[in-house]
Amino acid sequence: MLHPIESRTIRPVAAAPQPAPSPSHDEDNPWHTGAACCRDEAGLFFAPSKEPTAARLAREEQAKRVCARCPVLLECREHALVQPEPYGVWGGLTAAERRVVLARRRRRDVELREAARVPAARRIAG
């Protein structure tokens with residue numbers, strides 16, 4: 001489950017059943033081998049050069065519908081956030097949406113570190 005801060009960046013595309021939990025993965029069975037996008041055209045997930053805005057938005061929504069039914073949606077999203085992948089739709093998020101998630105994660109991490117220091121400082125002073 002996503003942290004509540006991260007979930008705000010995701011707009012539901014359509015009421016789709018929740019993907020089944022993915023099986024465990026390792027070097028012999030990488031997470032992406034079970035991805036729904038392996039069966040779809042890659043052009044759906046990456047923009048052609050000079051794509052008009054309306055066409056890009058429609059293509060991204062279509063790609064997100066594929067992601068919504070993917071059994072490795074969360075692994076894909078986390079991969080794109082950790083790498084980070086600068087282009088395309090990964091794990092149901094566009095590059096712009098992933099930048100927002102990463103910025104929120106960084107802010108949350110800073111806030112958590114600062115909150116952890118306050119009690120430690122009080123223990124030392126007390």
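The values are calculated or read from the model by the stated rules, or taken from the named source; none is laboratory data. This structure is a prediction, so every number in the text was calculated from the model and none was measured. Ideal geometry is used to build each Cβ from the backbone, glycine not excepted, and the neighbour counts take in all protein chains shown.
Pairs linking a residue in segment 105-126 that is on the phi < 0 side of the Ramachandran plot and modelled with pLDDT of 70 or more to a residue that is surrounded by 10 or more Cβ atoms within 10 Å (Cβ to Cβ) and assigned to a helix (DSSP H, G or I), with Cβ atoms under 7 Å and 6 or more positions apart or on different chains, are Arg108/Ile5.
The residue of segment 45-64 that is farthest from the chain's Cα centre (by Cα), among those that are surrounded by 17 or more Cβ atoms within 10 Å (Cβ to Cβ) and of a type outside the set (Gly, Ala, Ser), is Arg59.
Quick check on segment 70-119: of everything there that is β-branched (Val, Ile, Thr) and part of a helix (DSSP H, G or I), which residue is nearest to His32 (Cα to Cα)? The extreme case among them is Val82.
Just to be sure before I move on: is Arg98 surrounded by 15 or more Cβ atoms within 10 Å (Cβ to Cβ) and touching a Leu at 6+ places or on another chain (Cβ under 7 Å) in the structure I sent? Break it down into steps so the answer makes sense when it comes.
Details: surrounded by 15 or more Cβ atoms within 10 Å (Cβ to Cβ): yes; touching a Leu at 6+ places or on another chain (Cβ under 7 Å): yes.
Against the criterion (surrounded by 15 or more Cβ atoms within 10 Å (Cβ to Cβ) and touching a Leu at 6+ places or on another chain (Cβ under 7 Å)), Arg98 qualifies.
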